[in-house]
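Okay, so here's the structure we're looking at.
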Amino acid sequence: VLASFAAALDALGVRDRSERSRMEAYVRATMGESKIVVFRALFDDEARAQAANTAFEAAYDERIEAGAVAPIPGAEDTIAALRRAGRKVALLTGFSAPTRDRLVARLGWRSAVDALLCPAEAGRGRPYPDL
């Protein structure tokens, strides 16, 4: 995620080290929130926020396709244990639906979960409880 944010900052020409450092700190502090909301907070206009979000998603998608994503240790075992116990499993993310879907497909998790939800589908994302 952080490398994809860095790629987005590069794409928008953010070169000043102090400014990048401030933005990267904000990204770390808001990890899990909707990416477009984060970019709207970082940039002063909607066009730049949208451009940054597009660049982020392209960079993240490249990482997904390159196989640079992996489940955190224990995640698959936990999902399987919940399913065996008769529990429903929903995955929630701050990614857009297309990025989420590519990530879930790459991990092979689509058939392992009952629901997938992103901020656009819920109306808004973290820190609000809608998800």
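Table for the structure above
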{"read-out": "Most mobile of 34, 21, 96 in a GNM of the chain (Cα contacts under 10 Å)", "value": "21"}
{"read-out": "Taking the convex hull of Cα positions in the stretch 11-57, its mean projected area over all directions (nm²)", "value": "3.0 nm²"}
{"read-out": "Heavy-atom accessible area per residue - the chain, 1.4 Å, Å²", "value": "57 Å²"}
{"read-out": "Degrees, to the nearest 10: 2-11 long Cα axis against longest axis of the chain", "value": "40 degrees"}
{"read-out": "Accessible surface of the chain [probe 1.4 Å, protein heavy atoms]: carbon and sulfur percent", "value": "53 percent"}
{"read-out": "With DNA, RNA and ligands ignored, accessible area of residue 69 (1.4 Å probe; Å², nearest 10)", "value": "30 Å²"}
{"read-out": "The chain, helix-only ellipticity at 222 nm - DSSP H runs n ≥ 4, -39,500 (n - 2.57), divided by all residues, nearest 500", "value": "-17500 deg cm²/dmol"}
{"read-out": "Tensor-based shape of the stretch 52-131 (alpha-carbon gyration tensor, a/c under 1.5 rounded, otherwise prolate or oblate)", "value": "oblate"}
{"read-out": "Where labels lie 7 Å past Cα in the beta-carbon direction, separation of residue 110 and residue 80 in nm", "value": "2.1 nm"}
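The values are calculated or read from the model by the stated rules, or taken from the named source; none is laboratory data. None of these values were measured; they are calculated from a predicted model. Cβ: placed from backbone, ideal geometry, glycine included. Neighbour counts: every protein chain shown. For the accessible areas, the whole protein counts, side chains as well, though only heavy atoms, and no ligand, DNA or RNA atoms are used. Shrake-Rupley method; radii C 1.70, N 1.55, O 1.52, S 1.80 Å.
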